[in-house]
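Since the structure comes first, as structure tokens, the remarks are kept for the end.
Nothing in this text is a laboratory measurement; each read-out follows from the coordinates by a stated rule. In this text, all values refer to a predicted model and were calculated from it rather than measured experimentally. Glycine also receives a Cβ, built like all others from the backbone with ideal geometry; neighbour counts cover every protein chain displayed.
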Amino acid sequence: MISKKLAIEVLNTALETGADYAEIFYEDSSAHSVLIENGKVETSSSNSLCGVGLRLLKNNQCVYGYTNDLTKKGLLALANSLNKSFHDKRLITVNKLDMIKCKNRNPVTRSYDDVPVEEKIALIREGIDEINSLKDPRIVRTFGSFADNKRFVAVFNSKEKWFKRTTEFGRMAFQVIAADQNGFETGFEGPGAQHAIDYFRTEKVNPRKTARKAAETALKMLTAAECPSGKMPVVIGNGWGGVLFHESCGHPLEASAVAKGLSCFSENKIGDYIASPIVSAVDDSTIPGEWGSIDIDDEGNLGSKRLLIKNGKLNDYMIDDLNGRRMERNGNGACRRQNYRFIPTSRMSNTYICNGKSTPEEIIKATKLGLYAVGFNGGSVDPTTGEFNFGCSEAYIIRDGKIAEPVKGATLIGKGFEILKKIDMIANDLDLAQGMCGASSGSIRTNVGQPTLRVSEVTVGGRGGELK
Amino acid sequence: MGKYDKFFALAKEAGLEQVELSISEFHSLNISLFHGEVDEYKDNNGYAIVARGILNGKCGSASCDVWNKDKAAWLVKEIVANAKVIENDDPIFIFKGSEKYHKVNTYNKDLEKVSIDEKMKNLYALEKALKGIDKRIVEVAGTEYSESTEKHTLVNSNGLNLVQKANYFTFVGQCVAKEGEQTKSGYDFFLGNKFEEFNPEEFAKKIVKLTVDQLGGEACESNKYKAVLHPDVVTSLMRAYIGHANAEEVQKNSSLFIGKIGQKIASSKVTIEDKPLQKNVFARWFDDEGVATYNKPIIKNGRLETYLYNLTTAAKAGVQTTGNGYGGGSKRGIASSFLSLKPGKKPLDQLFEEVGNGVYITDVSGLHAGLNPQSGNFSLQSTGFMIENGKKGKPLDLITVSGNLLEIFKDVLEVGNDVTVSPSGVSAESLLIKKIAVSGK
């Protein structure tokens, strides 16, 4: 850790040539992961990260550098190197640093530092035992893993503020590969949270349930036919289905795209209809213990709940202070980075579409012929054009209001601003699912989420010919 | 060794039989422009150290980014704790060294001499050119210059001490085109280590063309089409395809190439080589286990010649390693190095003529979601053009292409002569293929 006195000296050196903001981001984190493959502990690895990122802003410009040399000499050298980018008189002097106090909504009752690796192995083995109890010869390879991370961060900035934050999180994952004469299929489940390891032994989340689900998906998809292609109504399952909103709308509503006019929603104003009136959507970093929650963001703005879309109308964005300058808005607690090696920017946290009034059964019943997509591999988007894609790992055909045969290899594509307007039914079974989101400030933990919903028409890509 | 003596001494004290350090020391610089101003300037200096060691025949590992004696002690403690829980019985190796290494130079000291003014001049020129070529370009979304210098050291308790230094730079340009209600974006990378080879105006022309050419497109009828695949598309598919040559996947029953050595698995037009010693910025003359690398065909005239091995999988199979042990951690993974698809003789125009009527697929996205690496099935968001009467026709908007990797490489009718090296370290050409399923209207 660096002292407040040294932090003030480094900030003032950084500010010497006219920067209007300076910020020290100190990080000391440790991570551990263990992997069991085909019943045997295959790898066990520890990782430690410790470094400082220094960010200087002047108007819309950002200068950034990082170092692992945490001595006074090393930090001053970094400040002196970065301040060469500006050539004006000093604007700001830092005289003191006051602590920003924030709630700790995500306390981990038992630190992962105190969990022996044997306990993590025992947890994973329960899941593997469950898969083995299926005694299905089509299962050719199994993976079970547990990864945990403890991250200490301290930030000091030229607004004469500082804060520190410790977060801990764990993730349990199972992957099953099944094979028959026709080829291979995979099933994957990976719940995670900012909770102690006991969270992974509850009724909702436990190794047996998680591992069984992964195995069942792989086996079910082995018998699935190729997904038909073309335009069709698609019912998207709750939880992971939220990757649709994450890609099609979440990314284009990040200030990093909006501020520069590079979002497909740049020309829309707050209050414009961008979705069907039954759609409301939220990015909320304050949900206790959730995978994507943060109490305070990487530049010292408190976590918040942002209502992005209210009854179909554009209502808010995810904003960081720098992009906020172009938008004439203040940051709203969305500034995040993977670690000290990345320049932070506006990112999502726990992003979801809110509950509607239908039930999942009503939605299926109301669909004569279409696709029911429940498992997903992730996706990607070009925020400028709004063109997105996401791949389904588990899907079914809906026939006459009933879930019929399984299909595999479905990819859904479209333009975000078009798809949001075609959402015509939303159920009341909101759930969240854990993922890693990659963008310019690195790979970060985010939750996607939604209730079961229907899109009246989506382009589906698959190898199974026309839907009949 | 010097700097790392303390680590080796502590490891010995802790009872570790053999230990190894893989150290990367790097410096990088990134400068991006937006609307004629420096948007981001990033200067980075860092370390990445991966340590592994053997205790009672089991291998544990730990990694960090700071080097001092406390960290050396932490690494040893973690390696011991991790090794104690390992149950995998596979043979493991801390390598003594190959008899001979064929060194390839991947460091150009002239690149260090290029002034910051020269870099900025090229960056401004690129932005200006992107703006000025075509009035349908409504925005230059960003231009970026990056450079990286990395020194990679592999040192172990069996006396191995190998060092490879590399440097390269990249330029990236991205622009947005608009016509009517339609918006399209396009970008491209330039990667090299000879600064004089970069021409901002030529590079800008290429990006603008690939962006505006997409305008006015619409989806085609869903159907199976004869197709030409752009080298960028071939690159993406080929990487996933060659993943099945990974000996570990083969030994663990999850490869589509099991039992296929010596058999014809692709069209006889297809020859794919792994060329770590090719003279370019991607060259690697030793792998992450310290084994001397060499060039070899993986698929020759459609026949599968070899799997790719590291020391562990080679020992299990009773063969020599192919020098493809890459990746960190206690267990080295397996990867290809510089993959190269052997070019054919025909230019792109002639491939279009041979198609007559079909599609030309220029880009695929969402590979992590739409391509199942295990089954080889893919269904991917794509862009491209119709091929009409033997010529490139109107652009295609919002389509997916789907198929299977094994089938695609069996269906190759011709390989083009348009050798294209991608920034991901793959050399590929256009492919003419019998059929691909397109989902559109």
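Overall, the protein assembly as shown carries a charge dipole of about 360 debye about its Cα centre when +1 sits on the Cβ of Lys and Arg and -1 on the Cβ of Asp and Glu, all other atoms neutral.
Computed on the range A:230-461, with alpha-carbon pairs under 8 angstrom and 6+ residues apart, the relative contact order is 31 percent.
Each Lys or Arg adds one and each Asp or Glu takes one away; over the other residues whose Cβ falls under 14 Å from the Cβ of residue A:222, this sums to -3.
Within 10 Å of the Cβ of each residue in A:172-181, the mean number of Cβ atoms contributed by other protein chains is 1.
Let me know the charge dipole size of chain B about its Cα centre in debye, to the nearest 20, where only the beta-carbon of Lys, Arg (+1) and Asp, Glu (-1) is charged. With Lys and Arg at +1 and Asp and Glu at -1, about 1180 debye. When only alpha carbons are used to place a centre, the range A:394-436 and the range B:106-149 end up 42 Å from one another.
Summarised as an ellipsoid, the range B:245-341 has semi-axes of 21, 18, 10 Å, derived from the eigenvalues of the Cα gyration tensor scaled by 5 and square-rooted, with the largest first.
Entry note, chain A: relative contact order of 16 percent, from Cα contacts under 8 Å with a spacing of 6+ residues. Computed extension length for residue B:261-residue B:179: 24.3 nm, one decimal, from 0.36 nm per residue of separation with the Cα-Cα distance subtracted. Largest first, the three principal axis extents of the alpha carbons in the range B:33-182 are 69, 39, 31 Å in whole numbers. Here the calculated FRET efficiency for residue B:279 and residue B:240, from their Cβ-Cβ distance with R0 = 35 Å, stands at 0.85, rounded to the nearest 0.05.
Here the scattering of the range A:230-461 is modelled by Debye summation over its C-alpha atoms, one equal scatterer each and no solvent; at q = 0.07, 0.10, 0.16 Å⁻¹ the log10 of I(q)/I(0) is -0.20, -0.42, -1.05. Contact order, relative form, for the range B:2-210: 22 percent (alpha carbon pairs under 8 Å, 6 or more residues apart, mean separation divided by residue count). As a rough guide to protection, the peptides A:138-148, A:71-81, B:145-155, B:379-389 ranked by mean Cβ packing within 10 Å, highest first, stand as B:379-389, A:138-148, B:145-155, A:71-81. A dipole drawn for chain B from +1 and -1 charges on Cβ atoms has a positive end, and of B:254, B:367, B:48 the residue lying farthest that way is B:254. Dipole of the protein assembly as shown computed with +1 at Lys/Arg Cβ and -1 at Asp/Glu Cβ about the Cα centre; of B:298, A:339, B:387, farthest Cα towards the positive end is B:298.
Each part reduced to its alpha carbon centroid, the range A:353-382 and the range B:47-102 end up 47 Å apart.
Across all Cα pairs in the range B:356-441, the calculated P(r) in 10 Å bins from zero up to the longest distance comes to 16, 46, 36, 3 percent per bin.
For chain A, the 222 nm mean residue ellipticity estimated from helices alone, with every DSSP H stretch of n ≥ 4 adding -39500 (n - 2.57) and the total spread over all residues, rounds to -4500 deg cm²/dmol.
At an R0 of 56 angstrom, the distance between the Cβ atoms of residue B:368 and residue B:9 translates into a FRET efficiency of 0.80.
A simple spin-label model places pseudo-atoms 7 Å from Cα toward Cβ; at residue B:199 and residue A:77 they are separated by 4.1 nm. Based on alpha-carbon atoms, the Kirkwood radius and the radius of gyration of chain B give Rg/Rh equal to 1.00.
Set the bar at 32 Å for Cα to Cα. Now go through A:101/A:209; A:421/B:128; B:69/B:96; B:42/B:165; B:279/B:345; A:260/B:209 and name every pair that lies beyond it.
Working: A:101/A:209 39 Å; A:421/B:128 38 Å; B:69/B:96 26 Å; B:42/B:165 22 Å; B:279/B:345 23 Å; A:260/B:209 23 Å.
Beyond 32 Å between Cα atoms: A:101/A:209; A:421/B:128.
With R₀ set to 30 Å, the beta-carbon distance separating residue A:307 from residue A:443 gives a calculated FRET efficiency near 0.70.
PRE reach from residue A:111 (point 7 Å along Cα→Cβ): which of the range A:130-159 fall under 11 Å by backbone N? A:150-152, by backbone N distance to the label point.
Inter-label distance, residue B:435 to residue A:225: 1.7 nm, where each label sits 7 Å from its Cα along the C-beta direction. For the pair residue A:403 and residue A:428 in one chain, pulling the backbone fully straight at 0.36 nm per residue adds 7.1 nm over the alpha carbon distance. Computed about the Cα centre, the dipole magnitude for the range B:2-210 is approximately 380 debye when only Lys and Arg (+1) and Asp and Glu (-1) carry charge, each at its Cβ.
At 25 °C and a viscosity of 0.890 mPa s, what translational diffusion coefficient does Stokes-Einstein give for chain A, taking Rh as the Kirkwood radius over Cα pairs? Give it in µm²/s as a whole number. Estimated via Stokes-Einstein, D reaches 104 µm²/s. Each principal axis of the Cα cloud of the range B:196-239 was taken in turn, and the coordinate range along them, longest first, works out to 45, 31, 13 Å.
Take every residue in peptide A:430-441, count the Cβ atoms of other chains within 10 Å of its Cβ, and give the average of those counts.
The mean count of partner-chain Cβ atoms within 10 Å per residue comes to 0.
Using 0.36 nm per residue and subtracting the Cα-Cα separation, the extra length available between residue B:252 and residue B:170 on full extension is 25.7 nm. Membrane-span-like helices in chain B (whole DSSP H runs, Cα extent of at least 20 Å along the helix axis, mean Kyte-Doolittle hydropathy of at least -0.5): B:69-85.
Over the range A:266-383, the pair-distance histogram of Cα-Cα distances with 5 Å bins from zero comes to 2, 10, 14, 18, 20, 16, 9, 5, 4, 1, 0 percent, rounded to whole numbers. Spin-label pair residue A:133-residue B:138: with each label point 7 Å from Cα along the Cα-Cβ axis, the two points sit 5.9 nm from one another. Find which of A:294, A:235, A:374 sits farthest along the positive direction of the dipole of the range A:230-461, computed with +1 on the beta-carbon of Lys and Arg, -1 on that of Asp and Glu, about the Cα centre. Checking the options against the dipole of the range A:230-461, the answer is A:235. What the Cα convex hull of the range B:109-163 gives, in volume per residue, is 119 Å³.
With coordinates expressed along the principal axes, the C-alpha atoms belonging to the protein assembly as shown extend over 71, 68, 63 Å, beginning with the largest.
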